[in-house]
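Read the structure below first, then the notes.
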Amino acid sequence: MLINIEYLGTDGQVYIATAEVYESSEAKAFAQAVLDFEASFTGVAHILKVKNVTLGADRN
């Protein structure tokens, strides 16, 4: 699953990071992506949005 994390840097700019996560459910994938993100990125003021951007994720 591809997950975009939109975040506010300490410089006031908005950035997007993309994580590729393999988990059994969307909730677990989001949680793992945020944990990986927090371990890898410093200088983050706030996470603004976490979104599944896998092809076809918004389709019924």
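The values are calculated or read from the model by the stated rules, or taken from the named source; none is laboratory data. Worth saying up front: this structure is predicted, and the values here are computed from it rather than measured. Because the Cβ atoms are built from the backbone with ideal geometry, glycine has one as well, and the counts that use them run over all protein chains shown. Ligands, DNA and RNA are excluded from the accessible area calculation, which covers all protein heavy atoms including side chains. Shrake-Rupley method; radii C 1.70, N 1.55, O 1.52, S 1.80 Å.
Taken together, the residues in the stretch 14-25 that are open to solvent by 50 Å² or more (accessible area, probe 1.4 Å) and closer than 13 Å to Asn4 by Cα amount to 5.
When restricted to residues that are open to solvent by 90 Å² or more (accessible area, probe 1.4 Å) and acidic (Asp, Glu), the stretch 27-59 contains 2. Please go through the stretch 23-41 and pick out each residue that is polar (S, T, N, Q) and in a helix (DSSP H, G or I). Within the stretch 23-41, Gln32, Ser40 qualify.
With respect to the conditions (1) in contact with a helix residue (DSSP H, G or I) (Cβ under 7 Å, 6 or more places away or on another chain); (2) without any contact (Cβ under 8 Å) to a residue 24 or more places away in the chain, Val50 lacks only one, and its number is (2).
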